[in-house]
Amino acid sequence: MTPKNFKNLTNQRFGNLVVIERMPSKIANSGKQVTIWKCRCDCGNETLVPSQKLTKGHTRSCGCLVRDNKGPRFEDLTGKRFNRLVVIRYLEKSERTVKTYNWLCQCDCGKIVKANANKLKNGLQQSCGCLKEEMKYDIGQVNKKYLHSHKRLYGVYKGMMARCYDNKHREYNNYGGRGISVCEEWKNDYDAFAEWALKSGYDPDADYGECTIERNDVNGNYSPDNCTWITNAKQQNNRRDNVILTYKGESHTMKEWSHILDVTYGSLTYHIRKKGDTLEEYIKIKEINY
């Protein structure tokens, strides 16, 4: 069926492309019929392009023109897969709704989306959004063996999942954003996580902050062989950004030294981080006997 206002583009030139023949039409997500043309590029390659992309100047080559304009460091992502997204083609500046979203991709669910190259390569953009939806765990919709008797533990589970898979979570950059994930055993099975927790030291009656999940290797994933239960205070001492200070052969975090020296944490951090004093200099300044 020929669309209304059809215009024959055969043998016409658009940039580096010359139209060879009309191909079978496609149906866009909007339901409209899209006319497709086979074109030959000046470099010798052939490509399929919708009418609108040709007539509006959005597509002017098979992709070689883009590479030439971008220089030798430009990486062509066309055809590459990034989790659920497969790159279709490069987007010209006039096509972008967001300046840095320069690649058109198709998700495994069928949806077409625009994507950022760095986010694709770093794993920060893995789908059209459907993957994130699947990773949401709603306590009201989950029927689990341990759910109703251990709601507090389920909250720990939801927090762990959010830190790794919800890019809007305040801690995402420290977890999912740097490659931390949840093992397959726990990721899709809360019961498996709950059974491990109850056998490995989780105390449902512990005071708040006295039983938190901790990864032994801060660069490792959440998994049975890398996780344990500790107090919140100890977890804070294990943070990656903690500063370890050594004095007279003893090494502790600044938080621990503030308790040992019986000084305020604010005073100690001000002298060490702001003024650049050593711990020995601080002890002399404060005339502390140690």
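Work through the residues other than Asn226 whose Cβ is under 11 Å from its Cβ and net out their charges, Lys, Arg +1 and Asp, Glu -1. Computed value for this residue: -2. From the largest down, the range 75-132 spans 28, 21, 18 angstrom on the principal axes of its Cα atoms.
Among the GluC sites (Glu not before Pro) in the range 185-224, those placed in a DSSP loop whose Cβ has at most 16 other Cβ atoms within 10 Å are Glu210.
Over 25 Å between Cα atoms, which of Lys99/Lys121; Lys151/Lys255; Lys32/Lys80 qualify? Write out the running numbers ahead of the final one.
On the way: Lys99/Lys121 18 Å; Lys151/Lys255 32 Å; Lys32/Lys80 27 Å.
From Lys99/Lys121; Lys151/Lys255; Lys32/Lys80, over 25 Å: Lys151/Lys255; Lys32/Lys80.
For an R0 of 22 angstrom, estimate the FRET efficiency from the Cβ-Cβ distance between Asn118 and Ile27 and round to the nearest 0.05. With R0 = 22 Å, the Cβ-Cβ based efficiency is 0.10. Could you give P(r) for the range 244-285, binned at 10 Å from zero, as whole percent values over all Cα-Cα pairs? Percent of Cα pairs in each bin: 30, 66, 4.
Seen from a random direction on average, the alpha-carbon convex hull of the range 13-65 projects onto 3.5 square nanometres.
Readers should treat all values here as calculations from the given coordinates under stated rules, not as data from a laboratory. Note that this is a predicted model, so its numbers are computed, not measured. Note that each Cβ is placed from the backbone with ideal geometry, even for glycine, and that neighbours are counted across all protein chains shown.
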